[in-house]
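Laboratory data are not the source of any read-out in this text; all were calculated from the coordinates shown. Everything quoted here is computed from the prediction, not taken from an experiment. When we count neighbours, we look across all protein chains shown, and the Cβ atoms used for this are built from the backbone with ideal geometry, even at glycine.
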Amino acid sequence: MNILKEIKMSAIVTLVLLVICCGIYPFVVFELGQLFFPRQANGSLVLGSDGKPIASTLLGQTFSADKYFNPRPSAAGTGYDSTSSSGSNLGATSQTLHDNVKQRVADYRKANNLSDTQPVPADAVEASGSGLDPHISLKNAAFQLPRVAKARGMSEDDLKKLVDRYTDGRDFGVLGEPGVNIIKLNLALDGKYK
């Protein structure tokens, strides 16, 4: 008789927690997100002139033409595939990783007209942990700035102002390093982001 009472209590507690954790809590969080942070809660989407999403400011994309700031490399699927978000899982002793980074360094120096001895920012040649990071370092942006300015026929000073505009500061003023959101920056260069 006592075991039936325990089973009944367990079932009631399970149902109550199911309603709270799988119904009430997600609903409250969803509604608060929609009320206070609607853009972020809906994916920080950038809409094209036709009103359809063309990007998210939270996810990197491949930009390879000289007129764009290049993102950091991605190990997510075929590149910035959000369904395959991950790092490469190649360790420091991996010859594949060594060869990939060496090739990326050579490609980066060539694309940005750097000397063979010029140090290259790590984020220009190494993928982020998620493979989806839309930010590059300020140093990476500075090395790419002359190439992009030349390809767009802009002055470097005007382009630097735009880079500064789309630079995100440290989280809470102290965490991490400032970074340039190249999704916002590249779309602004094309006149598709304000």
Handout entry: Efficiency of FRET from Cβ geometry, residue 138 and residue 39, R₀ 30 Å, rounded to 0.05
Key = 0.75
Practice task
State the extension gain, in nm to one decimal, for the chain segment bounded by residue 15 and residue 49, taking 0.36 nm per residue of separation less the distance between their alpha-carbons.
Solution key: 7.5 nm
Practice task
Pairs of Cα atoms under 8 Å, at least six residues apart: use those to get the relative contact order of the chain, whole percent.
Solution key: 20
Handout entry: Prolate/oblate/rounded call for region 56-115, Cα gyration tensor, a/c under 1.5 rounded
Key = oblate
Handout entry: Shape of region 114-183, Cα gyration tensor, a/c cut at 1.5
Key = oblate
Exercise for the section: Give the Rg/Rh ratio for the chain, taking Rg as the radius of gyration of the Cα atoms and Rh as the Kirkwood radius, to two decimals. Expected result: 1.16
Exercise for the section: Kindly write out, for region 119-133 in residue order, the coupling ³J(HN,Hα) from the Karplus curve 6.51 cos²θ - 1.76 cosθ + 1.60 (θ = phi - 60°), rounded to whole Hz, with x marking Gly and Pro. Expected result: x, 10, x, 4, 6, 7, 10, 10, 6, 7, x, 8, x, 10, 4
Problem - By average C-beta atoms within 10 angstrom, highest first, the peptides 21-27, 67-73, 157-163 - result: 67-73, 157-163, 21-27
Exercise for the section: With label points built 7 Å along Cα→Cβ from the Cα atoms of residue 82 and residue 30, find their separation and express it in nm. Expected result: 1.7
Handout entry: Sites residue 99 and residue 156 - FRET efficiency at Förster radius 35 Å, r taken between beta-carbons, to 0.05
Key = 0.55
Problem - Set of lysines with alpha-carbon distance to residue 139 below 16 Å, sequence-local pairs under 8 removed - result: 160, 161
Problem - Listed residue (155, 38, 172) projecting farthest to the positive dipole end of the chain, Cβ model - result: 155
Handout entry: Total charge dipole magnitude, region 44-189, about the Cα centre, Cβ charges on Lys, Arg, Asp, Glu only, Debye to nearest 20
Key = 300
Completion exercise
By the Cα gyration tensor axes a ≥ b ≥ c (a/c under 1.5 gives rounded; else a/b larger than b/c gives prolate, otherwise oblate), the shape of region 45-153 is oblate
Practice task
Sequence neighbours fewer than 8 away in the same chain don't count; with that in mind, list the aspartates and glutamates whose C-alpha is under 20 Å from residue 150.
Solution key: 66, 107, 158, 164, 190
Exercise for the section: Using a 10 angstrom cutoff on alpha carbons, build the Gaussian network for the chain and name the most mobile of 126, 156, 177. Expected result: 177
